[in-house]
Amino acid sequence: MPGLSAYEKIAEPEEIRLLTRLGKRLAGRSFLHVNSTSEGGGVAEILHRLISLFRELGILARWEVLKGNPPFYDMTKRIHNALQGQGSEITPRMWEIHREVNDSNARQIPLEADLVFIHDPQPAALIHHRRDGLWVWRCHVDVSHPQPEAWRELAGHVGRYDAAIFSGAKFAQRLAVPQFVVPPSIDPLSEKNRDLGEQEVREILDGHGIGLDKPLLVQVSRFDRFKDPLGVIAAYRMVKKYHDCRLILAGGPASDDPEGEEILSRVREEARNDPDICVLLLPPFSDRTINALQRAATIVLQKSTREGFGLTVAEALWKSKPVIGGAVGGIPSQIHHGATGFLVHSVEGAAYRIRQLLHNPELGKRMGEMGREHVRRNFLITRQARDYLALWVALEHRGERVIQI
Amino acid sequence: MREEDRPAIQAFTFFECAGLLQPTGERARDLSKLLSLIRTVEPGVIYHHTHQYYLKAAVEAPEYPNDFAVWAAEYLEERALAEKLAGLDLYAYRDVEEVRRALIGIIEGYLRENPMPRPVRNGDEFFFNDAVSIVMEAGPRAENLPDFIEGLETVGASSLYFHFFEARLRLRRPADDFSVWLEQGLGRGDLARRIRGLDPYRYSLEGLRGEILSLLHGAV
């Protein structure tokens, strides 16, 4: 795994200096993370790297994974949906299961640390087993419009923490504990984002039968209605009358989401008679393929109608691609409209902006370059590591607004 | 000894800072709520929304230099109000409470002459945030003017933000730290006066650095 020095060539020198200084101050202290999955998903992916960076700085960083059972995972999936405002019934018995699983894990996991980060709702009830140290609830979910009942239950746990972290200011809630915003980040050296040579990209696309003879429009997303893949196809069709191009819709399987299966079959049905639409169902750990698809793209789309943070936008911007995204969730913080891409609110808007960029490749190139710089300054893992350590210091100086260390 | 090599009474320490955003959980959907929250939020919140523009590592600066003006333009779609808010002369104020009063005056004045704008859509509210700064030594210490120039050339942009904006309005120092040191530590009142003659709000942090450096290079 690359060390901090590998990031010195990429990130702002100031950011590395601040991170190193914070690390020096906190060296020898213990930092525990608890979440519910050790692999798969952006949170686990970044956590692997963060733990390694913290250890290099001399911090005793540790990561524990909560172990659940099928009723627990079913219940936490419901919480996840409810926090994002979607209807999912959560019965009192389900909340009991949540508590029971947390209680039994608390007997297995050593929870002693100077700072404890509990990620997302699954392990949130571990707070009732706090022995010492500072405890922070780190929320990666969009909770801007949660179902009130689900939020009320969860807030009962969150209110016992020393602080809560959200990915964006819009996700914050009225809480009795201090709240902070730490946006997520990408790792520029990971398999999904590292540089790939043209030949390598070509080979990967060849392997999927995708030619590079036409401009490529690419959306990488789960097949879920909030990512609006059918809207993307509709926009592509509007563009296709004027520009010969190809559309790639690539995403992970939605096996745990019955609605996702239905969306995928509708997408396939829509794409059936058009050889220029390619629907790719990618297995887990397809990072290299995603990297190649984003690098091969002429334009990357993320036409979501509801979104958490939408880190695929930062991934594409990092590859110097202009991105057209829905103006929802965390996407507007990544796409500066007209500078690093375009924010759209409709299928027609997406089609209009695709045509504009296909007409004017220079504009796309400029936007891509700006986008990469925007990500370099704001959405790299070193910034997230710095934020976590700065937050640690802030919690030890509660009430102070300018903290000199 | 050349005048510029004369050692300072006390060395100057450059600081850099890491900012952390702290949402207050308060939001405004319309101008009336915005006004009432501007009246009551913590001073740090007013400071944050009028200053984060300068620290933010944006690749392209927003059209207006403070969050209130940006929101009035983009979401309320009240361009005239946005222009009035953008025209806030921050360098004229010595205290955040003065900035608060000026904002209230602009909005009240606008509402006397115009009907209340419609509320914004869900998700487009003005979200009130505060911010915490963690301030750390940047490394170089300046014993004389050439040291100071070298330090200023190498520190991060957040150092200028701290020594100019935070020092004056959050730490209530009488002026920016650079000019105070040049005057009191080095006896260079002439340079201090010229730096105080720069309105830092007219520049990006890099632009400000460039202006100060060219002024100091001219003095050695």
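The values are calculated or read from the model by the stated rules, or taken from the named source; none is laboratory data. Just so you know, these numbers come straight off a predicted model, no measurement behind them. Here the Cβ is made from the backbone with ideal geometry for all residues, glycine too, and neighbour counts use every protein chain on show. Accessible surface areas use protein heavy atoms only, side chains included; no ligands, DNA or RNA. Shrake-Rupley method; radii C 1.70, N 1.55, O 1.52, S 1.80 Å.
Brief remarks follow.
- Tensor-based shape of segment B:20-129 (alpha-carbon gyration tensor, a/c under 1.5 rounded, otherwise prolate or oblate): rounded
- Spin-label model, residue B:6 to residue B:150: label points 7 Å out along the Cα-to-beta-carbon direction sit 2.1 nm apart.
- Nearest 10 degrees, 0 to 90: helix A:13-26 Cα axis against chain A principal axis: 20
- Working from label points 7 Å from Cα in the Cα-to-Cβ sense, the residue B:94 to residue A:69 distance is 6.9 nm.
- Contour minus Cα-Cα distance for residue B:32 and residue B:80 (0.36 nm per residue): 15.6 nm
- The overall shape of segment A:36-153, judged from the alpha-carbon gyration tensor, is prolate: a/c is not under 1.5, and a/b is greater than b/c.
- Relative to the longest principal axis of the Cα atoms of chain A, helix A:347-359 runs at roughly 70 degrees.
- Full-stretch length increase - residue A:112, residue A:132 - with 0.36 nm per residue and alpha-carbon distance subtracted: 6.6 nm
- Nonpolar atom fraction for the protein assembly as shown, defined as the carbon and sulfur part of the 1.4 Å probe accessible area, stands at 48 percent.
- Neighbouring partner chain Cβ atoms per residue of B:14-20, average, 10 Å criterion: 6
- When B and A come together, around 3200 square angstrom of accessible surface is lost from both chains combined, probe 1.4 Å.
- Distance from the C-alpha centroid of segment B:105-160 to that of segment A:20-62: 30 Å, rounded to the whole angstrom.
- Listed values for segment A:212-225 are Karplus-derived 3J(HN,Hα) couplings in whole Hz (6.51 cos²θ - 1.76 cosθ + 1.60, θ = phi - 60°), namely 10, 7, 9, x, 10, 9, 10, 10, 10, 6, 4, 7, 9, 5, and x replaces Gly and Pro.
- Solvent-accessible ranking of A:213, A:224, largest area first, probe 1.4 Å: A:213, A:224
- Karplus (6.51, -1.76, 1.60) ³J(HN,Hα), θ = phi - 60°, over segment B:167-175, in Hz, Gly and Pro reported as x: 4, 6, 8, 9, 9, 6, 7, x, 7
- Rounded to the nearest 20 debye, the dipole magnitude of the protein assembly as shown is 420 debye, with +1 charges on Lys and Arg beta carbons, -1 on Asp and Glu beta carbons, and the Cα centre as origin.
- With Cα atoms, 0 to 90° folded angle of helix A:70-83 axis to chain A main axis: 70
- If only the Cβ of Lys and Arg carry +1 and only the Cβ of Asp and Glu carry -1, the dipole of segment B:20-129 around its Cα centre is close to 240 debye.
- Of B:179, B:133, B:159, the one that fluctuates the most in a GNM where chain B has Cα springs shorter than 10 Å: B:133
- Qualifying aspartates and glutamates (Cα of each under 18 Å from Cα of residue A:227; at least 8 residues distant if same chain): A:142, A:256, A:257, A:259, A:261, A:262, A:269, A:270, A:307, A:315, A:348
- Computed label-point distance, nm, for sites residue A:96 and residue A:10 using a 7 Å Cα→Cβ extension: 4.9
- For segment A:198-378: rounded, prolate or oblate by the Cα gyration tensor [a/c cutoff 1.5]: rounded
- The alpha carbons of segment A:272-377 stretch over 33, 29, 28 Å along the principal axes, in descending order.
- Under 15 Å of direct C-alpha separation, and excluding same-chain neighbours fewer than eight residues apart, residue A:67 reaches these aspartates and glutamates: A:39, A:100, A:103, A:120.
- Averaging 1/r over each pair of different alpha-carbon atoms in chain A and inverting the result gives 22.3 Å, the Kirkwood hydrodynamic radius.
- Occluded residues from segment A:1-41, i.e. those whose accessible area drops by 50 Å² or more once the chain is not alone (1.4 Å probe): A:14, A:17, A:18, A:21
- Full extension of the chain between residue B:116 and residue B:40 gives 25.3 nm of extra length, using 0.36 nm per residue less the Cα-Cα distance.
- Rg/Rh (Cα only; Kirkwood hydrodynamic radius) as it applies to segment B:132-220: 0.92
- For residue A:38, net neighbour charge (Lys/Arg +1, Asp/Glu -1) across residues whose Cβ lies under 12 Å away: -2
- Accessible surface, per residue, of chain B when the full set of protein chains is kept, probe 1.4 Å, Å²: 43
- The residues of segment A:198-378 expose, per residue, 42 Å² of accessible area to a 1.4 Å probe.
- Estimated FRET transfer efficiency (residue A:288, residue B:13; beta-carbon r; R0 45 Å; 0.05): 0.45
- Annotation: lysines with alpha-carbon distance below 24 angstrom to residue B:56 (same-chain offsets under eight excluded): A:9, A:170, A:319, A:321, A:365, B:84.
- Residue-count net charge about residue A:303 - beta-carbon cut-off 9 Å; Lys, Arg +1, Asp, Glu -1: 0
- Local electrostatic count, residue A:52, Cβ distance below 13 Å [Lys/Arg +1, Asp/Glu -1]: 0
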